[in-house]
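J.: My questions will all concern the structure given below.
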Protein chains: 2
Amino acid sequence: MGKAIKDQLGRVIEREDAPQPAVILVRPQLGENIGAACRGMLNFGLTELRLVAPRDGWPNPAADAMAAGAVELIETAKLFETVEEAVADLSYVLAATARRRELEIPVVGTNVVGREMRAKVSSGVGILFGPEKAGLTNADVVMADAILTYPVNPAFQSLNLAQAVNVFAFLWAQSNFEGEGMDVPDYFEGVRSDVAPREDLTRLFDHMEEELDEAGFFFPAAKKHLMQQNIRAPLTRAQMSQQEVRTFRGIIKALAKGRGKARGP
Amino acid sequence: MGKAIKDQLGRVIEREDAPQPAVILVRPQLGENIGAACRGMLNFGLTELRLVAPRDGWPNPAADAMAAGAVELIETAKLFETVEEAVADLSYVLAATARRRELEIPVVGTNVVGREMRAKVSSGVGILFGPEKAGLTNADVVMADAILTYPVNPAFQSLNLAQAVNVFAFLWAQSNFEGEGMDVPDYFEGVRSDVAPREDLTRLFDHMEEELDEAGFFFPAAKKHLMQQNIRAPLTRAQMSQQEVRTFRGIIKALAKGRGKARGP
C-alpha cells in the first residue's frame, strides 16, 4: 500500500497504488468524448483506460485536446480490437447500459456498485461503455457479469458518453467512504472545531435581552417569554463560532450605542 | 401528484409534477458548458435552470447547440443579475465547491445530499455552481446553507462545470430510491415547513448592515466584507422561520432606536 491520497477535506480518497477498475470504451466514436471521459476519470482518481476499436483510430488529436490535464490517461490507454481481448485479464466485468435487455443478467444498483467493485477489485474488474449512438450490443453485454444502470429520465435517457463515465468514476470514489461514518446522519462532521461554548451564547442572550428590555422591545410583557424563544432558538441552532458570537456582541453594542438617551415610551 | 415516471427497469423515477431543486449557474463562461449541463440535468429529470450573469450574455447559440435534446431547459431558463436574486424564493441553498473555505459553513456529503434536498424541496431548494475558471467566491458561498463537495482527486480536482452538474443531478435521481429497502434512518422527519424564503433573509441583512453602517460598526472598512460574512453565515445556517426573521427585524429596530442622535466617532 502506498501513500494515502487525501482530498481537500482531509478524507482519504485512495491509496496511490491501490488496484482500480478499468474503464473500457467500446467502439467510441468521438475523440472529444474520449478526452472528456479521461477528465472525469482522473477527477475521481481513475487512471486505467482501455479502448476497443475506436472509430476514428488511435491516437486521436481530438481526444488529446479535450483531455486537457488528464492527457496522461490518453498516453497510457490500452488499445484492443475486440471486447474479448479487452476483458481477458479481468474477473468481474460490468456493462453500463440504460436499456433493459432480454438477457438473463443481474442488475447492479448505483448504490452498491462501488462496494461491489471494491470487494472484487484485487482480482481485476472493469466496466464497459458502449458507442455514443447505439450503445452496447447484446453480444457485448453478454460478456459482462452484471448490468449497471443509472436512474435516468426515460424521456431523455441517452447519457453523453463522458458523463456516463463521469458518474461511474464518482461512484467509485464515493464508495471509499461507505461504512466510514460519512453515511451516517452526522453530516456536519469535521466542520467546525471552534463552536462557541454555550456560556458565550448565554452571555450574548443576556446582553441582547438586557438591551432589548431597555428599548421597550418586550411588549406586551406577557409575550416576553415567547419573544425570547424566537431570539434564542435560531441563534442556538446556528452553532456559532466564538468569533461569530463576538461579532454579534459587537452588533448589539453598536446598535444600542446612545440609544438610551432617546428612549421612547 | 401527477403520474409516476418509471425508468426502463420499472422503478419509479419521479412524479411528473414533483418539486425539484433549481440548478443555479453563477457567472458561467462557456455556452457549451451551459448546454452540456442542461443535458446532464434532463438525463436525471431536473429541468429548472437559473443563470446568474452568464459571461457571454443570454441567449447563447453555443448553449443551444450543445443542449441538443435538452433545449427546453435553455428556453425556460431564468436569468438573474445577482446570486441574491437567483435564490430569493428558496429556503435552502447549497454551494458546490471543491475548495475548503475558512467560512463557518457545514459540509454535506454526497451520500446524504439527495435525501437532504428531498426533505426540504417543498419549501424551495437550489444549488450554486461557480464559473469554470475560478469557482464560487466566498461572497457567493456565504449565501448558501451548506457546501456540497465531491470526493475528488486532489491532484486533478477541477471538475468540468457540466460534469459537476451531472453528478449532482445523478445524486438527486438516485436519492429517490433510498430508504426503499435500504433501511435508512428517517432522520429528516420533523423538518420545519415554514423556513423563511431567502429574500426575507436578504432584507434582514440589508436592514442590519445599514444600521450597522450608521453605527460605524464596520471598522476598519477593509474588514467590512469579512464582518458581513460573520453576520450572514450563522443567520443563514439557522434556517430561520418567517416569525424568527420578523423577530430579528424587530430586534434591530429596537436596538437602533434613537441611536443616531448620540452617534460616536
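J.: Would you check which residues across region A:141-159 are surrounded by fewer than 16 Cβ atoms within 10 Å (Cβ to Cβ) and among the hydrophobic types (A, V, I, L, M, F, W, C) and list them?
T.: Answer for region A:141-159, where residues must be surrounded by fewer than 16 Cβ atoms within 10 Å (Cβ to Cβ) and among the hydrophobic types (A, V, I, L, M, F, W, C): A:142, A:155.
J.: Scanning region B:105-125 for residues that are in contact with a Phe, Trp or Tyr (Cβ under 8 Å, 6 or more places away or on another chain) and away from chain A (no Cβ under 14 Å), which turns out nearest to residue B:241 (Cα to Cα)?
T.: B:123
J.: Please tell me if residue B:102 is at pLDDT below 95 and under 22 Å from residue B:240 (Cα atoms).
T.: no
J.: Same structure again: Could we say that residue B:8 is under 27 Å from residue A:98 (Cβ atoms), within 14 Å of chain A (Cβ to nearest Cβ) and modelled with pLDDT of 90 or more here? Break it down into steps so the answer makes sense when it comes.
T.: Values: under 27 Å from residue A:98 (Cβ atoms): yes; within 14 Å of chain A (Cβ to nearest Cβ): yes; modelled with pLDDT of 90 or more: no.
Against the criterion (under 27 Å from residue A:98 (Cβ atoms), within 14 Å of chain A (Cβ to nearest Cβ) and modelled with pLDDT of 90 or more), residue B:8 does not qualify.
J.: Just to be sure before I move on: is residue A:144 assigned to a loop (DSSP other than H, G, I, E, B), more than 9 Å from every other protein chain (Cβ to nearest Cβ) and either closer than 30 Å to residue B:109 by Cβ or touching a strand residue (DSSP E or B) at 6+ places or on another chain (Cβ under 9 Å) (or both) in the structure I sent?
T.: In short, yes.
J.: Select, from B:69, B:135, the only residue that is assigned to a loop (DSSP other than H, G, I, E, B), out of contact with any strand residue (DSSP E or B) (no Cβ under 7 Å at 6 or more places or on another chain) and without any contact (Cβ under 8 Å) to a residue 40 or more places away in the chain. First the steps, then the outcome.
T.: Details: B:69 fails: assigned to a loop (DSSP other than H, G, I, E, B).
So the residue among B:69, B:135 that is assigned to a loop (DSSP other than H, G, I, E, B), out of contact with any strand residue (DSSP E or B) (no Cβ under 7 Å at 6 or more places or on another chain) and without any contact (Cβ under 8 Å) to a residue 40 or more places away in the chain is B:135.
The values are calculated or read from the model by the stated rules, or taken from the named source; none is laboratory data. For clarity, every value in this text was computed on a predicted model and none was experimentally measured. Positions of Cβ are backbone-derived with ideal geometry, glycine not excepted, and every protein chain shown enters the neighbour counts.
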